[in-house]
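This report concerns only the one structure given below.
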Amino acid sequence: MWTPIRLERPATVAKIMDEGLLFHGVDASISSTDDYTSSRALALALYADFPHLDGLAYRSRHNNGEVCFAFFDRLLPSDFSHLAGKRFENHRERTDELMRLHGAVFDASAQVE
């Protein structure tokens, strides 16, 4: 199941992609590695230096055509609304498309209780 969420107020995010990489003095490796030391340090520095900043926008390391968002705790749970959840089995075409795209397979193991 996945649950779409909607941000209910404007948010200010640092652009850690495209020309934002040069602006922040980093390169694309900041979001393309599984070692998060540098990206955490950058996020903490931005959080400390820019109190109006709500989070970061960056490219997914698994699909750099997708933009991901990391929001700081300055956004409250009440700043988001949860839309109706969607079950994967009710959206087979989309699920199959995502699985092909990411080389995923269904886990046929017994369900964990």
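The values are calculated or read from the model by the stated rules, or taken from the named source; none is laboratory data. Here the structure is a predicted model, which is why all the values come from computation and not from measurement. Cβ: placed from backbone, ideal geometry, glycine included. Neighbour counts: every protein chain shown.
Please verify whether the range 4-15 includes one or more residues that are of a type in the set (S, T, Y), free of Cβ contacts under 8 Å to residues at least 60 places away in the same chain and within 30 Å of D107 (Cα to Cα).
We begin by selecting, within the range 4-15, every residue of a type in the set (S, T, Y); these are 12.
When the remaining residues are screened for being free of Cβ contacts under 8 Å to residues at least 60 places away in the same chain, the result is 12.
From what's left, within 30 Å of D107 (Cα to Cα): none.
So far as the range 4-15 goes, no, none of its residues is of a type in the set (S, T, Y), free of Cβ contacts under 8 Å to residues at least 60 places away in the same chain and within 30 Å of D107 (Cα to Cα).
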Please determine, by comparing only the residues of the range 1-19 that are modelled with pLDDT of 90 or more and assigned to a loop (DSSP other than H, G, I, E, B), which one is farthest from D73 (Cα to Cα). D18
Which of (1) surrounded by fewer than 11 Cβ atoms within 10 Å (Cβ to Cβ); (2) in contact with a Leu (Cβ under 6 Å, 6 or more places away or on another chain); (3) not hydrophobic (A, V, I, L, M, F, W, C) is the odd one out, the single condition D54 does not satisfy? (1)
Close pairs from the range 20-36: first closer than 16 Å to V67 by Cα, partner at pLDDT below 90 and among the basic types (K, R), Cβ under 9 Å, at least 6 apart: S31/R61; S32/R61; T33/R61
State the number of residues belonging to the range 25-46 that are surrounded by 17 or more Cβ atoms within 10 Å (Cβ to Cβ) and of a type outside the set (A, V, I, L, M, F, W, C). 2
Subset of the range 29-88, residues part of a loop (DSSP other than H, G, I, E, B), over 16 Å from the mean Cα position of the chain (by Cα) and of a type in the set (G, A, S), comes to A84, G85
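Considering only the range 14-42, state which residues are among the polar types (S, T, N, Q) and touching a strand residue (DSSP E or B) at 6+ places or on another chain (Cβ under 9 Å).
Keep residues of the range 14-42 that are among the polar types (S, T, N, Q), which gives 29, 31-33, 37-39.
Within the range 14-42, S31, S32, S39 meet the criteria.
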Of everything in the range 85-95, what is out of contact with any strand residue (DSSP E or B) (no Cβ under 8 Å at 6 or more places or on another chain) and in contact (Cβ under 8 Å) with a residue 12 or more places away in the chain? Give them in sequence order. R87
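Regarding L22, is this residue at pLDDT 90 or above, in a helix (DSSP H, G or I) and surrounded by fewer than 10 Cβ atoms within 10 Å (Cβ to Cβ)? Break it down into steps so the answer makes sense when it comes.
Working: at pLDDT 90 or above: yes; in a helix (DSSP H, G or I): yes; surrounded by fewer than 10 Cβ atoms within 10 Å (Cβ to Cβ): yes.
It is true that L22 is at pLDDT 90 or above, in a helix (DSSP H, G or I) and surrounded by fewer than 10 Cβ atoms within 10 Å (Cβ to Cβ).
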Say we look at the range 59-74 and pick out the residues that are at pLDDT 95 or above and not hydrophobic (A, V, I, L, M, F, W, C); which of these is surrounded by the most Cβ atoms within 10 Å (Cβ to Cβ)? R74
